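Worksheet: the structure to be examined is printed underneath.
What follows draws every value from the coordinates through simple rules; no lab data is involved. Note that this is a predicted model, so its numbers are computed, not measured. Please note: Cβ atoms are built from the backbone with ideal geometry, for glycine as well, and neighbour counts cover all protein chains shown.
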Amino acid sequence: MILSILLLSTLGYSPSDSVASPARSIDEVVVVSARAEGAQRSPKGITASIDEHLSVFRNVNLVRRGAYAWEPVVNNMATERVSTTIDGMKIFYACTDKMDPVTSYVESANLQSISLNSGLNGNPQSTGNIGGSVDLKLRKAGFGNGFNAGASKGFETNGNVQVYEADAAWSGERFYVNGGLSYRRADNYKEGGGRVVDFSQFRKVNAFSNTGLRLSNGGVLEHTLIYDRASDVGYPALNMDVSKAEAVITSLSYRHTFSDSWLEAWDTKGYYNHITHIMDDTKRPDVEIHMDMPGKSSTAGLYSLLTASTDVHQLQLNYDLYYNRLFADMTMYPGGAAPMYMVTWPDVGTLNTGAALTDVVTLGRGQSLRLSAKVAQQWQKLNDEEGYHALRVFFPGMKDSYYQTTGRVAAQYAWESSKVRLTAGAGWGSRAPTVTEAYGYYLNNTFDQYDYIGNPRLKNESATEVNASVRWQPGGGLTLTADANAFLFSNYIIGQFERRLSAMTVGAEGVKVYGNLSHATIINTSVEADWQLSRSLRWHGRLTWASGRDDENDPLPLISPVAYRTGIDFSAGRWTAQVLVEGNGTQTHFGEKYGETRTDAYTVAGLNGQYHIPLKTSSLTLRAGVENLFDKRYTSYSDWRDIPQKGRNVYASLVWTL
């Protein structure tokens, strides 16, 4: 009986939302827009952050350094091995401590959906996506929909979170415009048991606009502008907070649709974004040495995507190019001494260009084959002389410019009958070292308390992926799914001990220099179940297990332990409700030599419900719920320095749409 209960409580989320058809280029989609009904999304609705919407994905975990800007991890691989784009646009964070992932520069009000490609099956614009690629799809009005508007208000009791959103759109047959404004703020939250977690507050404002014009030749011209600014952002797991994280993101695109042709559409987009990130320790008590640590990232790029189809083939041909500059420096102010200055990212300019081809081949009798490939060339130049010469002390003879070639190739076969669906695939891909891994200079990592130095002599990292899945629908509304993937790395990039160097940061235990391991492995598995018990009741569950090992068979850091999620959904008329239970097992295989410590098992429960009220010309949606129902104090394996998660949290929101 106990075993049965454990199995029920450890099966995961709905496979119907997460099993990909190879004929599609997307593995999983979460809908963010409050206007879409019946879609996979966070149960919190508008109060949910982008991070909380991402947590619904089967293959995604999140590294928390505070209550704001969590770092997405796909297939147990972090930012370095994941490509994140906004409507196909490449954007790079501006913080050496990864306090500002790309996902932090948009809001739920901006987005229609978030799409995920697992592993080397990347979207055409992705580069270096060994773990996977995430694309944030912007919400646009489209043509012929008339006028509509919306406003919403949400709050959470834990941390006094306040969320305000308003948007409007006018959509004619030849022109549309939509835009909106959102504001989100939070005070320090409380962990389970009621203790306040200091420096976990934040403020954020976001504004966006989209315009579209249908041209006389049938083409469509679209423009997008996003302004996002976060301020007074606390990071309890780090030594510093953030006074400003600001982004300006803009694009201009042209789409031409072909008629009576095997060609379908041609999309071309040019874009630019600029990010400014300023760390701040002035509000921290007992700061031994005050530091200023600003960072800047600017990216200009374009892509052009041609799609075509025949009775047998569905083709995508893409060309993309971007140029990015990253610069960060640090000034320390030791008491009674002259300021100390150093460049931590030496104004690295990166020019990357590549071409990708995808073909989905229909083989007949329920069979299909998805083939994809991409090759990219990259040039990098260190533009800051001071930063270049500082790094050259450790690497005599290093150059101020480098050239790399990367690529990927993948294939996936699928067979489907009325009750069973099987997929199997394999691929190979490589990535160039990031700016931090190649050129970072004394970057302190609070996870293991070491200073990190980049290595311009790193080899490209590569991985071979194999994957398989099976879905079975025996009848009675039951669907069972199992899938697994394995990544076999060569020249795996990770920080390695360097005993000959001394740390620069106060309290650091030593220095690590990025290097290549000969090999490493990461394996991910999951089992999912979905059972439509009746017209009103549905049960769903998910169980995942992962393993990561280095070339000495020691555990890699930040690999998820056994995790589970299960829930029961109820729907009747205008009402929906859900009971949700989720948790992790004890992390017994942790990367001790990489500074990781054991985390204990936990289980938390939540409740939520929604009521929809149709009005004469508009509608209201009321949503409410509670997280961590029993106010449990806990921390997960991906909580930086074991910062505790939120205790009991009651949330509610009201959404009005015209």
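Extending 7 Å from the Cα toward the beta-carbon at both Leu622 and Leu221 defines two label points whose distance is 4.8 nm.
Packing around the peptides 180-187, 133-140, 102-109, taken as the average count of other Cβ atoms within 10 Å per residue, puts them in this order, highest first: 102-109, 133-140, 180-187.
Of the residues Val604, Gln125, Asn217, the one whose Cα sits farthest towards the positive end of the charge dipole of the chain is Asn217 (charges of +1 on Lys and Arg Cβ, -1 on Asp and Glu Cβ, taken about the Cα centre).
Backbone geometry of the range 66-78 corresponds, through the Karplus equation with coefficients 6.51, -1.76 and 1.60 at θ = phi - 60°, to 3J(HN,Hα) couplings of x, 8, 10, 6, 6, 8, x, 10, 10, 6, 6, 10, 8 Hz, x marking Gly and Pro. Rounded to the nearest 20 debye, the dipole magnitude of the range 2-657 is 1440 debye, with +1 charges on Lys and Arg beta carbons, -1 on Asp and Glu beta carbons, and the Cα centre as origin.
Residue-wise HN-Hα couplings along the range 636-653, as the Karplus relation 6.51 cos²θ - 1.76 cosθ + 1.60 with θ = phi - 60° gives them from phi, are 9, 4, 9, 8, 3, 6, 6, 5, x, 6, 5, x, 4, 9, 9, 10, 7, 8 Hz; Gly and Pro carry x.
Sorting the segments 465-476, 579-590, 65-76 by their mean number of nearby beta carbons within 10 angstrom, highest to lowest, gives 65-76, 579-590, 465-476.
Around the amide H of Glu264, modelled in the peptide plane, lie the amide H atoms of Thr307, Ala308, Ser309, all under 5 Å away and 5 or more residues distant in sequence or on another chain. For the pair Glu386 and Ser417, label points projected 7 Å from Cα toward Cβ lie 7.0 nm apart. Look at the dipole of the range 2-657 built from charges on Cβ: of Pro456, Asn324, Leu136, the Cα furthest out on the positive end belongs to Leu136. Relative contact order of the chain, taken over Cα pairs closer than 8 Å and 6 or more residues apart, is 12 percent. The alpha carbon centroids of the range 409-443 and the range 480-517 are separated by 20 Å.
With R₀ set to 25 Å, the beta-carbon distance separating Met340 from Glu592 gives a calculated FRET efficiency near 0.15. Our summary gives the range 353-460 a relative contact order of 22 percent, counting only alpha carbon pairs under 8 angstrom and 6 or more residues apart.
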